[in-house]
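Below is one structure, written out as structure tokens, with a few remarks after it.
What follows is calculated from the coordinates using simple rules that are stated; it is not laboratory data. Treat the numbers as computed from the prediction; the structure is a model and nothing was measured. All Cβ positions, glycine included, derive from the backbone under ideal geometry; neighbour counts span all protein chains shown.
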Amino acid sequence: MTEDETPRIGVFVCHCGHNIAGTVDVARVAAEAGKLPNVVFSTDEMFMCADSGQDLIRTKIKEHSLNRVVVASCSPRMHEPTFRRVVEEGGLNRYVYEQVNLREHVSWCHMHEPEAATEKAIDLVRMSVARARRLEPLPISRVKVIPRTLVVGGGIAGLRAALDIADRGFEVVLVEKKPNLGGNVIKWTHMYPDDRTGAEVVNPLIAQALSHPKIKVYTDSQVVDFEGYIGNFDVTIASNDGKKKSTAQVGAVIVATGFEPFKPEGYYGYGKSPDIMTLAELQEMPRKDELLRPSDGKPVKKIAFIGCVGSREPGKKGHEHCSRYCCTAVAKDAAELRDRVDEVLVLYQDVRTYGHGHEEIHRLARQRRVIFSKFEPDEKPEVSVKRGKITMRWRDVLADDLLEFQPDLLILASAMIPPADVEETATMFSLTRSGDGFFNPEHIKLAPLTTHTAGIMIAGVAQAAKNASESVIDASGAAAKAAALLARGEVEIESTVSRVDPDLCSSCHTCVTACPYGAISMDDSHEPPVAVVTEAKCHGCGTCAAGCPSGAITMLHSTDEQILSMVEALLVPSPISGGE
């Protein structure tokens, strides 16, 4: 397609099952789009992302000699790559494709106003058609990939990811901020379902990582500087004492920074007695035939657990997310300890033993006469400590009665939360965080291991609360993603970047300070120096173009002309003149 070609636009409106068509009159939207200037084909289809919808686009591109395509469907975050690939298969440049979000921006937020929603959909499609007329093909850029991966975190997920990549023949730089590898898992003395210690599980991985010729391990160290772009990241690693500093170049990154157990200060007497501890602290106690009270060394006869401590609680004090592993871990410990003590009581809001084989663990606890008592979330148990004696009072939901229990040991199943330095990690690697504080994946279903920063993956509890088995599965998946990237040798980068006109640049440095990705620098070979963009680092956010006082920066694929054409289409609709 050449720039002076008359635009021939095809518009494809998606029903998205009932998601869009349940509110928006998609047939009417398609009919109105067919009347717009330069639109030579317009239709509606049940699922544009399905094979049939993709085939329709490819067929109509050839049948009507389309040189621009507009799809009105869901969020571009979900299917823009899909439709870009389809138009390329139809023989067009991927950047002559435009997507309209009718699901999130129209039908879902105006579901009770179908007529107004339909009018809004028509407006949005008209604006996108106006923009499509001015779209231009852009070259596809590629960069070389350095065949080395940085793994941040030396817990069970980081170790598994590092070994998987190294076993595929690629180098790995593994960085752990603590003096030893193994993370939280290595501290645990009994893990479900096979009752092995954490050390038994993770020590073989540590030994393999330390002896693997492809893995360089840094313990008691942190990443202190990180910059670059997919395939070409520059990393600076420093020891925690600041005495040693190393640099490395990597092509991909896996963040496996794990979690910290929540310290439930202010909950159920925690801190008032050594006999009140968290589930994580119980997991770290040495295994003995007889369980002894920390306060006086006497045998424990009665033990109690309280679930969801700091989990599933809104507000500053607690955390709204479910930590997932706690119910099964409590049931496992309760069943095991029941053989060694006289009474075991579990107080719970709900029981969520969700994993494969986990319900059997809960059933085993009940078979061993572990007592489970449900309390209301807004009527929590009261715990008091007097003269070293613990007293619990609560209302049982099923019995509708006030009960009292005096355990020798009280175990609080506390929340799994992000590490204290999670914000610094997010800033370092340009990651976003979800409401529970962990890192967001690119897409929870379609891309759960990659992030919005190309070349950076997340694994294990860095993404969300989960158990060790799930973390290992994540790690192998992230390693496969990283290895696939390294094996390509080169990778495509986004062409929708900023570009500086050196004749207009006033050398004010505004864009250099404004760019959040460090993609702009000054070229001192000019006199005076002019701004220059490292396109592989540019994310196309447009901050530089908005801030440039000289108007020297153009955002490719989002030019002033393209954006203003959309505004004009909304405010001053073009006369109807579509068709062949």
**Message:** At a 10 angstrom cut-off on C-beta neighbours, averaged per residue, how do the peptides 246-253, 56-63 rank from highest to lowest?
**Reply:** 246-253, 56-63
**Fill in**
So the number of lysine pairs in segment 261-416 with alpha-carbon atoms under 21 angstrom apart, 8 or more residues apart or on different chains, is 29
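Determine the dipole magnitude for segment 261-416: charges of +1 sit on the beta-carbon of Lys and Arg, -1 on that of Asp and Glu, nothing else is charged, the reference point is the Cα centre, and the result goes in debye to the nearest 20. It would help to have the intermediate numbers written out before the result.
Values: 27 positive and 26 negative charges, 60 e Å.
Here the size comes out at about 280 debye.
Could you work out the helix-only [θ] at 222 nm for the chain, with each DSSP H run of four or more residues adding -39,500 (n - 2.57) and the total divided by the number of residues, to the nearest 500 deg cm²/dmol?
Numbers: 14 runs with 158 residues, N = 580.
Dividing the helical sum by the residues of the chain leaves -8500 deg cm²/dmol.
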**Fill in**
Expected vector for segment 51-56, Karplus 3J(HN,Hα) from phi with 6.51, -1.76, 1.60 and θ = phi - 60°, integer Hz, x for Gly and Pro, equals 4, 5, x, 5, 4, 4
**Prompt:** About its Cα centre, what dipole magnitude does the chain give when the only charges are +1 on Lys and Arg Cβ and -1 on Asp and Glu Cβ, stated in debye to the nearest 20?
**Reply:** 1760 debye
**Item:** Partner lysines for Lys445 [C-alpha distance under 19 Å; skip if fewer than 8 residues away on the same chain]
**Value:** Lys466, Lys481
**Complete:** As straight-line cross-link partners of Lys216, the qualifying aspartates and glutamates (C-alpha separation under 15 Å, not fewer than 8 residues apart within one chain) are Asp164, Asp167, Glu171, Glu176
**³J(HN,Hα), Karplus 6.51/-1.76/1.60, whole Hz, each residue of segment 421-432, x for Gly, Pro** = 9, 4, 5, 5, 5, 4, 5, 4, 9, 6, 9, 9
**Asked** Which length gain, in nm to one decimal place, applies between Ala50 and His443 when the Cα-Cα distance is subtracted from 0.36 nm times their residue separation?
**Response** 139.6 nm
**Request:** In debye, nearest 20, what is the charge dipole magnitude of segment 167-242 about its Cα centre with +1 on Lys and Arg Cβ and -1 on Asp and Glu Cβ, if you could check?
**Result:** 160 debye
**Complete:** Given the candidates Ala426, Ala21, Leu135, the one whose Cα lies deepest towards the positive end of the charge dipole of the chain, counting +1 at each Lys or Arg C-beta and -1 at each Asp or Glu C-beta, is Ala426
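So what's the projected area for segment 208-322, the Cα convex hull averaged over all directions, in nm²?
Spelled out: convex hull of the Cα atoms, projected over all directions, averaged, 12.5 nm².
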**Asked** If the viscosity is 1.002 mPa s and the temperature 20 °C, what Stokes-Einstein diffusion coefficient in µm²/s follows for segment 498-556 when Rh is the Kirkwood radius over Cα pairs?
**Response** 195 µm²/s
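Rounded to the nearest 5, what % of the DSSP beta bridges within the chain are antiparallel ones?
On the way: 42 of 92 bridges.
Given both bridge residues lie in the chain, the antiparallel proportion sits at roughly 45 percent.
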**Asked** Can you list the residues, at least 5 places off or on another chain, whose amide H is less than 5 Å from the amide H of Leu102, using H built in the peptide plane?
**Response** Ser73, Cys74
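Relative to the compact globular guide of 2.2 N^0.38 Å, what is the alpha carbon radius of gyration of the chain, as a ratio? Provide the component values of the computation, followed by the final result.
Values: Rg = 29.3 Å, N = 580, 2.2 N^0.38 = 24.7 Å.
So the chain has a normalised radius of gyration of 1.19.
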**Item:** Where Rh is the Kirkwood radius over Cα pairs, Rg/Rh for segment 285-338
**Value:** 1.09
